[in-house]
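Below is one structure; the comments refer to it alone.
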C-alpha cells in the first residue's frame, strides 16, 4: 500500500500510527496538498490528504474511512473495543478530535488573510469550537491511562494526535497549562514507537491559498 501524507496533518498521522500499530507495510509519500504540484487530485477528487492507495490502485480517502477499512480488513490488533458502547465512546473521541482539528485549520487559514479581510465573528466561532471540544475531550479522557476502556486504541490515537497538533498549529492556546492532567497522557502517548516514528513537522507551501 501507499499512503499520501502531509507532515503536519493530524489526520494523516492517525492513519500512519494505525498502520504501524497493525504492523502493515506501506510506502509513505509526503506532499504539500496546497501546492499545484501535488498529485492528490489524481487520487481524491476532494483534494484532501490522507489517501491510502491499495495494491490494485483503488484509493481510500478521509482518515475515518481509512481507519475503518484497516479495522475491517486487518482486525488484529484491535483498535476499537468489542461492544457497541465502547465503539461509540471511541468514535465520539475521534469525532471531537477531528472537529477540533478542523476548527484549528480554519483559524490558521483565516489568520493568513490580511487583517482588513479577516472575519472576527468567524474566528470567534472557530475558537469556541476548539475550546468547547477540547474541554469535552479533557473530560472524557480524565485521568485514566487510556481514553476508552483498558487498552490502547483509536481514541488514544485521535486524542494523542490532536494534543501534539495543538503544540504545532495553536501553541498560543496553552492547553498544557489549562489541562495539566492531559500533559502526562500526551507525553505517554508520544513514547509509543508508532508515535515516535510519526512526529509531526510544519510544512512550507509555495502557492497562495488565501
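None of the figures in this text is laboratory data; all of them are computed from the coordinates on show. Model, not experiment: these values are computed from the prediction. Note: ideal-geometry Cβ built from the backbone for every residue, glycine included; neighbour counts use all protein chains shown.
When peptides 182-188, 199-205 are sorted by average Cβ neighbour count within 10 Å, with the highest value leading, the order is 182-188, 199-205. From a point 7 Å beyond the Cα of residue 202 in the direction of its Cβ, which residues of region 10-42 have a backbone N at a distance under 16 Å? Of the residues in region 10-42, 10 have backbone N under 16 Å from the label point off residue 202.
Take every DSSP beta bridge with both residues inside the chain and express the antiparallel ones as a percent of the total, to the nearest 5. Taking every DSSP beta bridge within the chain, about 60 percent pair in antiparallel fashion. P(r) tail for the chain: Cα pairs beyond 32 Å make up 16% of the total.
Full extension of the chain between residue 26 and residue 190 yields a length gain of 56.9 nm, computed as 0.36 nm times the residue separation minus the alpha carbon distance. For n ≥ 4 DSSP H runs only, could you compute -39500 (n - 2.57) per run for the chain, divide by its residues and tell me the 222 nm figure to the nearest 500? The per-residue figure over the chain is -16500 deg cm²/dmol.
Relative protection proxy for 149-156, 43-50, from highest mean packing down: 149-156, 43-50 (other beta-carbon atoms within 10 angstrom). For region 1-81, a Kirkwood radius taken over Cα pairs fed into Stokes-Einstein (25 °C, viscosity 0.890 mPa s) yields D = 193 µm²/s. Here the contact order of region 1-80, divided by its residue count and restricted to Cα pairs under 8 Å and six or more residues apart, works out to 34 percent.
Each listed q (0.19, 0.24 Å⁻¹) maps to a log10 I(q)/I(0) for region 108-186 from the Debye sum over equal C-alpha point scatterers, namely -0.84, -1.16. In this entry, region 47-149 is assigned a mean projected area of 9.0 nm², taken as a quarter of its C-alpha convex hull surface.
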